[in-house]
Amino acid sequence: MFEGKDIILVGNSVEILHYDYGDLIDSHDVVIRMGRGIPNPNGLEDNTDAIGTRTDVWVTGFLRENMSKEKHIKKIPIKLLNRTRMYMKSPREAKYLKDFTTMFTDNQILQIYDEFGYIGTKGHTRPSNGFITLLYLTRKCSYRSLTLIGFDFFSKYYPIKVGKAQPQSWHLPHNTIETTPHKGLVEKKFAQNLERIGAINWIILSDLEEETLDF
C-alpha cells in the first residue's frame, strides 16, 4: 500500500486545531492517523478544516482497542497495532484487534526501549504511538515521501486539566498521571535527524517551544 506513495502521518498535537491543513492532509496518497485523532462522522465538533476527512490507515495500541468495534473504524482499510504498553514483560494479546498488522514484536519493542532509553514499567517512560509509527514507517516500509504534521512531541498544552494534567492532544484524553509517560525530547531529536537527512518532511506548525495555548 505504501510503495511509491506520498504518505502523511497526522499527529494529535493540541495546536493542529489552530490551522486549516485539512485539504493538504487529504491531498496525500495515504493518510495515517492514530488513536482518537481521527475524523468521526458521528462527532459533535466539525474539525475537518484542521485535520481533514480521510483515514486510510489507523494505528492503535491496547489502550484504544475497544474503538476497533466502532463503525467508522471498521471502514478503515488498513490497521496497525502498536504493542507498546506499560508492562512489556507481561504477555498480552489483543482481544479485538484480529485484522491488524503488528508493527513490532515485543522483543523488537524491548530493543527499541534499550536503544532510546525507555523504562517500560508503571510510573516510567514508554515510546509514544506516534514515535513507534514513525520508526515502523522509516525502518520497515518503502514509500515515495513521508510527511509529519501535528507533531510537537508534547510541547504544547491545552489550557485546562482533564483528569490530573493538561492534555497534549486535541481530542483531550483523560490523564491519570500528572506528567507525560513519553520522552518528548528524545523523540523530537530523532525526528529532527530524519528531517536533516531528508528522510521526512516535517511541517512544524508554530515552533517546538513548551507552552500552554489559548482556545
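Scan (1) in contact with a Ser or Thr (Cβ under 7 Å, 6 or more places away or on another chain); (2) over 23 Å from E15 (Cβ atoms); (3) open to solvent by less than 50 Å² (accessible area, probe 1.4 Å) for the single condition I119 breaks and write down its number.
All conditions pass for I119, except number (3).
Given the range 68-148, what helices (runs of 4 or more DSSP H) lie entirely inside it while holding 2 or more residues that are of a type in the set (S, T, N, Q)?
Those helices (runs of 4 or more DSSP H) span 106-116, 129-140.
Check off (1) surrounded by 15 or more Cβ atoms within 10 Å (Cβ to Cβ); (2) modelled with pLDDT of 95 or more for T125 and give me the number that stays unchecked.
Only one criterion is unmet by T125, namely (2).
Restricting attention to the range 138-162, report how many residues are within 13 Å of N201 (Cβ to Cβ) and surrounded by 21 or more Cβ atoms within 10 Å (Cβ to Cβ).
Within the range 138-162, the subset within 13 Å of N201 (Cβ to Cβ) is 138, 143-149, 151.
Going one step further and asking which of them are surrounded by 21 or more Cβ atoms within 10 Å (Cβ to Cβ), we end up with 146, 148-149, 151.
Selection size over the range 138-162: 4.
Does any residue of the range 93-105 turn out to be under 18 Å from F151 (Cβ atoms), of a type in the set (D, E, K, R) and open to solvent by 60 Å² or more (accessible area, probe 1.4 Å)? It would help to see each step written out before you state the result.
Our first condition is that a residue be under 18 Å from F151 (Cβ atoms); within the range 93-105, this holds for 103.
Checking the rest, the ones that are also of a type in the set (D, E, K, R) come to none.
Looking through the range 93-105, none of the residues is under 18 Å from F151 (Cβ atoms), of a type in the set (D, E, K, R) and open to solvent by 60 Å² or more (accessible area, probe 1.4 Å).
Hey, does the range 49-64 have a residue that's aromatic (F, W, Y) and more than 16 Å from the chain's Cα centre (by Cα)? Break it down into steps so the answer makes sense when it comes.
So in the range 49-64, the residues aromatic (F, W, Y) come out as 58, 62.
Subsequent filtering for residues that are more than 16 Å from the chain's Cα centre (by Cα) retains none.
No, every residue in the range 49-64 fails to be aromatic (F, W, Y) and more than 16 Å from the chain's Cα centre (by Cα).
Of the conditions (1) loosely packed, with under 15 Cβ neighbours inside 10 Å; (2) assigned to a loop (DSSP other than H, G, I, E, B), D49 clears all except one; give me its number.
(2)
Condition test on R54, is it in contact (Cβ under 8 Å) with a residue 40 or more places away in the chain, open to solvent by 10 Å² or more (accessible area, probe 1.4 Å) and charged (D, E, K, R)?
Values: in contact (Cβ under 8 Å) with a residue 40 or more places away in the chain: no; open to solvent by 10 Å² or more (accessible area, probe 1.4 Å): yes; charged (D, E, K, R): yes.
In short, no.
For the range 162-185, enumerate the residues that are part of a strand (DSSP E or B) and under 17 Å from R64 (Cβ atoms).
In the first step, residues of the range 162-185 are kept if they are part of a strand (DSSP E or B); the result is 162-163, 165, 169, 175.
Within the range 162-185, V162, G163, S169, N175 qualify.
Test each condition in (1) more than 16 Å from the chain's Cα centre (by Cα); (2) among the small types (G, A, S); (3) within 22 Å of G184 (Cα to Cα) for S145 and report the one that comes out false.
Going through the list (1) more than 16 Å from the chain's Cα centre (by Cα); (2) among the small types (G, A, S); (3) within 22 Å of G184 (Cα to Cα), S145 breaks only (3).
Can you tell me which residue is least open to solvent (accessible area, probe 1.4 Å) among those in the range 1-23 that are without any contact (Cβ under 8 Å) to a residue 60 or more places away in the chain and either touching a Gly at 6+ places or on another chain (Cβ under 8 Å) or not in a loop (DSSP other than H, G, I, E, B) (or both)?
At the first step, the residues of the range 1-23 found to be without any contact (Cβ under 8 Å) to a residue 60 or more places away in the chain are 20, 22-23.
Subset that is either touching a Gly at 6+ places or on another chain (Cβ under 8 Å) or not in a loop (DSSP other than H, G, I, E, B) (or both): 22-23.
Working: G22: 1, D23: 135 Å².
Applying the filter and picking the extreme gives G22.
The values are calculated or read from the model by the stated rules, or taken from the named source; none is laboratory data. These numbers come from a predicted model, not from an experiment. In this analysis, Cβ positions are derived from the backbone assuming ideal geometry, glycine residues included, and neighbour counts consider all displayed protein chains. Heads up: the accessible areas ignore ligands, DNA and RNA and are worked out on the full protein's heavy atoms, side chains in. Shrake-Rupley method; radii C 1.70, N 1.55, O 1.52, S 1.80 Å.
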